[in-house]
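Please read the structure below before turning to the comments.
The values are calculated or read from the model by the stated rules, or taken from the named source; none is laboratory data. Note that the coordinates shown come from a computational prediction; the quantities given were computed from them, not determined experimentally. For neighbour counting, all protein chains shown are included, and Cβ atoms are generated from backbone atoms with ideal geometry for every residue, glycine included. With ligands, DNA and RNA removed, areas are computed over all heavy atoms of the protein, side chains included. Shrake-Rupley method; radii C 1.70, N 1.55, O 1.52, S 1.80 Å.
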Amino acid sequence: RDRNAPLFPSLSKEMTNSSLGLQPQEISNSLWAYAKISCPDHGLFMALADAACAPNIEEFKPQELSNTAWAFATVLLRHNVLFEKLAAAAIRKRKELRPQNCANLLWAYTKLQAGKYSGICRVLLEETLRQLPDYHPQEISSIIWAAVREEDPIRRRLFDAVAAHCSNKLSTFPFQALANMFKAFAAAGGHTSFLQEMSEECLKSLDQFDRLGLITLFSSAVLIYSRHGDEKPWAAQSASTLASLLSAKLNELQNKDISSVNNSLQVVAWSKPNIPQELVELNAAVSVLVQQHGITKRKGPKLMPVAKSVSDDETLQGGDESGPEERKSAHGTAEEGILPVGLLDAEGMKEAEELHDAMLDFDEMDNMALGIEVPNSRPVRPAERRA
């Protein structure tokens with residue numbers, strides 16, 4: 001990437017100037033390439049989005065729809081008109097969507113909070129239910145991560161189906177994917193037998209989880225303990241084991257990690273009797289670190305003002321801390337749940353990653369992205385399994 005760094009600005013200028021003449025595959029592959037190297041060239045992305053919104057949007061194949069949405073979500077960039085048209089096209093082509101297409105589209109729309117009114121998320125969840133036996137572990141984990149944020153009744157059906165399908169298959173899941181799914185089920189509630197199975201699988205291999213994975217497991221275990229600790233001894237044991245492990249690793253944690261652990265501990269009812277000593281000791285140690293380092297609760301992401309897209313009538317009001325439904329466009333209140341066109345600044349991007357991806361490891365999602373088809377590539381390969 002460093003060796004070819006000067007090449008990308010030059011290519012960006014050429015593609016921006018000729019964007020309206022590009023074919024769907026050229027548009028999607030270009031966006032994928034720039035997102036893959038973490039190069040969110042705003043001008044290029046907006047130009048290619050406008051090109052994709054031309055009448056040829058119907059010519060996009062499912063993989064091209066998936067790549068395009070994935071690229072914008074990866075660089076935390078939104079183009080309202082594009083995402084509306086991508087959603088409509090994906091819905092029309094729903095029977096052609098493969099598992100990886102569904103997983104990447106749902107991940108993108110959920111990450112950018114872009115699918116509330118288009119119906120795309122419900123369609124993708126329905127397709128997941130239909131094709132679930134064909135999904136690889138990483139794809140299932142990604143879908144569940146996104147589905148837990150959906151309020152549609154289909155979510156319960158999906159969680160029931162995934163619990164039944166994945167029971168006794170958890171050893172095939174990559175470690176971070178397992179941690180992510182554990183947290184999603186913990187947040188959704190119910191399925192205590194499957195939660196216990198996931199907890200036991202995780203505890204058998206704690207030395208295989210990285211820092212983010214351990215924090216994800218801990219927040220999940222504490223949430224389950226706060227709900228079921230009295231009647232589910234395994235929940236208390238899981239929380240205790242992870243608390244003890246984190247206590248031994250506190251000096252290795254960054255401030256944002258300590259903040260995450262501290263937030264997780266807030267769900268514990270400390271006045272109740274018989275709280276595991278390991279939790280009490282971790283809470284005391286974390287409280288000291290929070291005071292010493294002045295760690296505060298994370299805020300939501302801020303948008304950096306940018307020039308609006310030629311195909312989007314909304315005017316960005318960046319820098320405020322209001323929710324999307326409170327932001328105003330030039331024509332009044334922005335549609336609830338729809339973010340204006342804009343690029344997150346460095347601080348906002350970091351905050352967004354922490355808020356929206358507390359249970360998603362970007363390296364694991366990157367592994368999934370390696371299977372995205374590009375010209376002359378080998379066929380999509382299954383998500384990597386544990387040895």
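Yes or no: S220 over 23 Å from the mean Cα position of the chain (by Cα) and either closer than 18 Å to R149 by Cα or not acidic (D, E) (or both)? Taking the combined requirement at face value, the residue does not satisfy it. Kindly indicate whether S259 is assigned to a helix (DSSP H, G or I), closer than 18 Å to A179 by Cα and either small (G, A, S) or out of contact with any helix residue (DSSP H, G or I) (no Cβ under 8 Å at 6 or more places or on another chain) (or both). When the stated conditions are applied, S259 does not pass them. Screening G115, G43 for residues that are over 17 Å from I154 (Cβ atoms) and of a type outside the set (F, W, Y) leaves exactly one candidate, G43. Applying the criterion of at least 1 residues that are free of Cβ contacts under 8 Å to residues at least 40 places away in the same chain and either crowded, with 24+ Cβ neighbours inside 10 Å or not polar (S, T, N, Q) (or both) to the helices (runs of 4 or more DSSP H) found wholly in the stretch 92-153 leaves 99-111, 120-131.
Applying the set (1) open to solvent by 30 Å² or more (accessible area, probe 1.4 Å); (2) at pLDDT below 90; (3) more than 21 Å from Q113 (Cα to Cα) to L44 leaves exactly one unmet item: (1). Residues being closer than 19 Å to G119 by Cα and among the hydroxyl-bearing types (S, T, Y) are represented in the stretch 58-79 by at least one member. Within the stretch 262-284, being more than 30 Å from the chain's Cα centre (by Cα) and not in a loop (DSSP other than H, G, I, E, B) holds for Q277, E278, V280, E281, A284. I'd like to check something: does the stretch 26-33 contain any residue that is buried (at least 21 other Cβ atoms within 10 Å of the Cβ), within 21 Å of I91 (Cα to Cα) and free of Cβ contacts under 8 Å to residues at least 60 places away in the same chain? Within the stretch 26-33, one or more residues are buried (at least 21 other Cβ atoms within 10 Å of the Cβ), within 21 Å of I91 (Cα to Cα) and free of Cβ contacts under 8 Å to residues at least 60 places away in the same chain.
Of a type in the set (A, V, I, L, M) and closer than 13 Å to V290 by Cα, is that true of L245? Answer is no for this residue. Put simply, of S226, S238, S244 the only residue that is hydroxyl-bearing (S, T, Y) and open to solvent by 50 Å² or more (accessible area, probe 1.4 Å) is S244. Might you let me know whether the stretch 62-69 holds any residue that is small (G, A, S) and open to solvent by 10 Å² or more (accessible area, probe 1.4 Å)? Within the stretch 62-69, none of the residues are small (G, A, S) and open to solvent by 10 Å² or more (accessible area, probe 1.4 Å).
Determine, yes or no, whether L203 is buried (at least 20 other Cβ atoms within 10 Å of the Cβ), touching a helix residue (DSSP H, G or I) at 6+ places or on another chain (Cβ under 7 Å) and not hydroxyl-bearing (S, T, Y). So L203 fails the test. In the stretch 154-180, the qualifying residues are those that are open to solvent by 50 Å² or more (accessible area, probe 1.4 Å) and in a helix (DSSP H, G or I), and the one that is nearest to Q113 (Cα to Cα) is R155. If you scan the stretch 181-200, which residues turn out to be hydroxyl-bearing (S, T, Y) and open to solvent by less than 10 Å² (accessible area, probe 1.4 Å)? Listed by number, the list holds a single entry, S199.
Considering the stretch 272-299, and only residues there that are at pLDDT below 80 and loosely packed, with under 13 Cβ neighbours inside 10 Å, the residue that is farthest from N251 (Cα to Cα) turns out to be K299. Taken over the stretch 79-110, residues that are over 26 Å from P133 (Cβ atoms), among the charged types (D, E, K, R) and touching a helix residue (DSSP H, G or I) at 6+ places or on another chain (Cβ under 7 Å) amount to 1.
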